[in-house]
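> I have a structure I would like to understand better, so I am pasting it below and will then ask my questions one at a time.
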Amino acid sequence: NGIVNGASFAIGLAVAPGSLAAIFGSNFAASVLSATTLPLPTTLGQTRVTFNGIPAPVFFVSSGQIDVQVPFTIPPGPATVQVTQSGMVSAVQTINVAAFSPGIFLLDQAGTGAIFHAATFTTVTNNSAARPGETIAIYATGLGPVFPAAVSGVAASAPSTTSTPIVTIGG
């Protein structure tokens, strides 16, 4: 039913290499499973996802949702995605991969972003707004290439984006 940014769940946007993506549909898994080890597995339960034939690290599966990391090796442009579950293969879906496709993680279904006051690690809200000059922490995915280069499914050691993200607040 759809492949979306795994942080914002925004529909119709591209995904980026190394970013987290959520796949929605049905009959993906017999039970709810979460990966518990690193590197992330490319098969969780009996569920596997490929991008252009390349296995994606999987960190969550349920009957209606799969959460994966888009392999870092997928180049920008159209990409095919396919799910295999217990030997049954889905129809091929085509998505767009872009070098950058930022999404801010959500804390709840109301759309509260994972944005925190850096000094206190409390959530930035209307009642606890960020102040000019204050440092905030934003949890996001899809910010583009990183250095040192990361390996899909493996915890990175203090990577930095190769391009500085530009953040705007209130326009």
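> Per residue, how much accessible surface does the chain expose to a 1.4 Å probe? Answer in Å², no decimals.
57 Å²
> Which loop chymotrypsin sites (Phe, Trp or Tyr not before Pro) in region 27-104, with loop taken from DSSP, have no more than 16 other Cβ atoms within 10 angstrom of their Cβ?
Passing sites in region 27-104 are 100.
> Over region 98-171, what is the relative contact order in percent, taking alpha-carbon pairs closer than 8 angstrom and at least six residues apart?
For region 98-171, the relative contact order is 28 percent.
> Run the simple label-point estimate for residue 156 and residue 31 please: 7 Å along Cα→C-beta, distance reported in nm.
Those two pseudo-labels are separated by 3.4 nm.
> Ignoring ligands, DNA and RNA, what percent of the 1.4 Å accessible area of region 13-144 is carbon and sulfur?
Summing carbon and sulfur atoms, their accessible area is 58 percent of the total for region 13-144.
> Okay, moving on. With a cut-off of 8 Å between alpha carbons and a minimum separation of six or more residues, what is the relative contact order of the chain in percent?
22 percent
> Taking the structure as given and computing Cα Rg over 2.2 N^0.38 Å, which label from [x] 1.08; [y] 1.53; [z] 1.01 fits?
[x]
The values are calculated or read from the model by the stated rules, or taken from the named source; none is laboratory data. Quantities reported herein were computed from a predicted structural model and do not represent experimental measurements. Here the Cβ is made from the backbone with ideal geometry for all residues, glycine too, and neighbour counts use every protein chain on show. Side chains are part of the model used for accessible areas, which takes the heavy atoms of the whole protein and leaves out ligands, DNA and RNA. Shrake-Rupley method; radii C 1.70, N 1.55, O 1.52, S 1.80 Å.
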